[in-house]
Structures are given as structure tokens and as C-alpha cells.
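Asker: Please read through the structure below; I'll follow up with questions.
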Amino acid sequence: MSVNVYEKVWMWGAGGLIVLFLAAIGITAVTQAVQPPSHIETINPATLAEHPEFGDPQVKTDANGKIIVSVVAEMFQFRPDPIEVPVNTPVTFRITSGDVVHGFLIVGTNANAMAVPGYVSQFTMTFPKAGEYTIACNEYCGLMHHGMVGKITVTGGQQ
Ligand code: CUA
């Protein structure tokens with residue numbers, strides 16, 4: 001089969017674009033953490049109140065000195081509020097929901113997780129700047145969804 005030279009150019013050009021686009025997705029996924037969370041941990045949302053970690057969600061330092069922030073999202077608040085963490089220190093957020101699906105977006109950062117009843121979402125991030133950050137719920141969860149905001153106070157370092 002003979003293919004016209006112009007047709008060949010267009011075919012290779014179109015093929016090249018597809019490879020380029022897939023490479024862009026692949027590279028950003030690996031280098032900029034644009035990827036789905038791999039952490040799968042289940043929890044019973046009906047007994048959250050008695051749960052050792054989420055019954056009284058708070059900021060804790062574990063035995064290895066890691067800062068763990070346990071968060072319960074529920075209509076229409078995040079607990080604890082405000083969340084206080086130090087600047088320039090890795091902070092691990094562990095988030096679950098006590099009722100319906102909520103979002104957990106830290107405005108001005110790329111931290112964005114879902115709070116799903118029955119699951120614990122976990123990610124680790126470092127705040128490079130001290131100050132106040134807003135947590136917004138970005139999954140529609142009911143009548144007061146728009147008012148579901150929380151606060152993170154990042155302290156220490158030079159402000
Ligand atoms: Cu919680 Cu929207």
C-alpha cells in the first residue's frame with residue numbers, strides 16, 4: 001500500500017501530538033503529585049464518636065515526631081477548627097466524614113482531598129509560609145455547603 005507523502009506527514013504529526021499529550025499527563029502526575037491517593041483505609045462512620053483517633057480529632061505528634069492532623073468533616077464544619085501546625089514541617093492530614101461526602105481543599109495550595117464516610121483520606125504536605133489558610137468544602141453536601149469553611153493557622157518562622 002502506498003501512502004501519499006503529505007498523508008504520512010499528517011499521520012505522524014497527529015500521532016506525535018497524542019504521544020506529547022500523554023507524556024504531559026504522565027510527567028505532571030509523577031512530578032507534581034497530580035495523582036489519585038493510593039492510601040486505602042476504612043473506618044465505620046457510625047461509631048466515629050467512640051473511635052480512638054477520630055472520636056476527638058486533633059493535631060498530634062506521633063512517636064516518631066511526625067505531625068498528624070486528624071480531621072472529621074461533617075455538616076457543616078471541620079473538626080478541629082482552627083487547626084494549628086508549624087511552618088516548614090511535613091504535616092500528615094488524615095480526613096474522614098461523619099455523614100456525607102465532603103471536600104477538603106486548602107485554598108492557595110494544591111492540597112485537595114475528599115472526605116468520604118467509611119474511608120480515611122491521607123496526604124502529607126509542608127506549608128512553606130506561615131499565616132492563615134482557609135479550608136473549603138468543595139463537594140456539595142447540603143444546604144449550608146457554601147458556609148462550610150475551616151481555618152489552618154501555620155505558625156513559626158519569619159512571617
Ligand atoms: Cu461539606 Cu460541602
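The values are calculated or read from the model by the stated rules, or taken from the named source; none is laboratory data. Since the structure is predicted, the reported quantities are computational estimates derived from the model, not experimental observations. Don't worry about glycine lacking a Cβ; one is built from the backbone with ideal geometry, like all the others, and counts go over all protein chains shown. For accessibility, only protein heavy atoms count, side chains too; no ligands or nucleic acids. Shrake-Rupley method; radii C 1.70, N 1.55, O 1.52, S 1.80 Å.
Asker: Between 117, 52, 90, find the one with the highest GNM mean-square fluctuation for the chain; connect C-alpha pairs within less than 10 Å.
Answerer: 52
Asker: Please give the Cα centre distance for the range 115-159 versus the range 38-114, rounded to the nearest Å.
Answerer: The two parts, judged by their Cα centres, are 9 Å apart.
Asker: Springs between alpha-carbon pairs under 10 angstrom, Gaussian network model over the chain: which of 40, 25, 83 fluctuates most?
Answerer: Of 40, 25, 83, the Gaussian network model singles out 25 as fluctuating most.
Asker: Here's a follow-up. Could you check what % of the DSSP bridge pairs in the chain are antiparallel, to the nearest 5?
Answerer: In the chain, approximately 70 percent of DSSP beta bridges are antiparallel ones.
Asker: Would you mind checking the tilt of helix 5-31 against the longest principal axis of the Cα atoms of the chain, expressed as 0 to 90 degrees and rounded to 10?
Answerer: Approximately 20 degrees, to the nearest 10.
Asker: Another question about this same structure. With springs only between Cα atoms under 10 Å apart, run a GNM on the chain and tell me which of 88, 64, 138 wobbles the most.
Answerer: Top of the fluctuation ranking is 64.
Asker: I've got another one for you. Nearest 500 deg cm²/dmol is fine: what mean residue ellipticity at 222 nm does the chain get from its DSSP H runs of n ≥ 4 alone, each adding -39,500 (n - 2.57), divided by its residue count? Show your work: numbers first, answer last.
Answerer: Numbers: 1 runs with 27 residues, N = 159.
Calculated mean residue ellipticity at 222 nm is -6000 deg cm²/dmol.
Asker: Oh, and also: Quick one: plug the Kirkwood hydrodynamic radius of the range 75-120 (C-alpha pairs) into Stokes-Einstein at 20 °C, 1.002 mPa s, and report D in µm²/s. Could you put the intermediate results ahead of the total?
Answerer: On the way: Rh = 11.8 Å.
It diffuses with D of about 181 µm²/s by this estimate.
Asker: Dipole of the chain (Lys/Arg Cβ +1, Asp/Glu Cβ -1, origin at the Cα centre): which of 128, 6, 25 lies farthest to the positive side?
Answerer: 6
Asker: Quick check: at a probe of 1.4 Å, how many percent of the accessible area of the range 1-153 sits on carbon and sulfur atoms?
Answerer: On the way: 5890 of 9480 Å².
C and S atoms contribute 62 percent here.
Asker: Once you order the gyration tensor axes a ≥ b ≥ c over the Cα atoms, which shape class does the range 46-91 get: rounded for a/c under 1.5, otherwise prolate or oblate by comparing a/b with b/c?
Answerer: Details: a/c = 3.51, a/b = 1.50, b/c = 2.34.
Oblate, since a/c reaches 1.5 and b/c is not below a/b.
Asker: So what are the ³J(HN,Hα) numbers for the range 132-149, from phi and the Karplus equation (6.51, -1.76, 1.60; θ = phi - 60°), rounded to whole Hz, Gly and Pro as x?
Answerer: Here the 3J(HN,Hα) series is 9, 10, 9, 9, 10, 7, 10, 10, 4, 10, x, 4, 9, 3, 5, x, 8, 10 Hz.
Asker: Using r as the Cβ-Cβ distance of residue 56 and residue 77, and R0 as 22 Å, what FRET efficiency do you calculate, to the nearest 0.05?
Answerer: 0.90
Asker: Please list the non-local residues whose amide H lies under 5 Å from the amide H of residue 119, H modeled 1.01 Å from N, same-chain partners needing a gap of 5 or more.
Answerer: 43, 97
Asker: To continue, here is another question. Amide H neighbours of residue 126 under 5 Å, at least 5 residues apart or on other chains, H built in the peptide plane: list them.
Answerer: Correct list: 91.
Asker: Going toward the positive end of the dipole of the chain, with +1 on Lys and Arg Cβ and -1 on Asp and Glu Cβ, which of 47, 90, 61 do you reach last?
Answerer: 90
Asker: Still on this structure, I have one more. Between residue 103 and residues 5 or more places away or on another chain, which pairs have amide H atoms under 5 Å apart, with H built 1.01 Å from N, and which residues are they?
Answerer: 115, 138, 139
Asker: From the backbone phi of the range 66-77, what are the Karplus-calculated ³J(HN,Hα) couplings (6.51 cos²θ - 1.76 cosθ + 1.60, θ = phi - 60°) in whole Hz, Gly and Pro given as x?
Answerer: For the range 66-77, the Karplus curve yields 7, 8, 10, 10, 8, 10, 10, 9, 7, 4, 10, 8 Hz.
Asker: Enter the accessible area of residue 139 (Å², nearest 10), with the probe set to 1.4 Å and all protein chains included.
Answerer: Near enough 60 Å² of accessible area.
Asker: Rounded to whole Hz and in sequence order, give me ³J(HN,Hα) for the range 47-60 from the Karplus expression 6.51 cos²θ - 1.76 cosθ + 1.60, θ = phi - 60°, writing x for Gly and Pro.
Answerer: Result, rounded to whole Hz: 10, 4, 4, 9, 5, x, 9, 8, x, 9, x, 7, 8, 9.
Asker: What's the percent breakdown of Cα-Cα distances in the chain across 5 Å bins, shortest bin first?
Answerer: Bins of 5 Å from zero give 2, 8, 15, 18, 16, 12, 7, 5, 4, 4, 4, 3, 2, 1, 0 percent of pairs.
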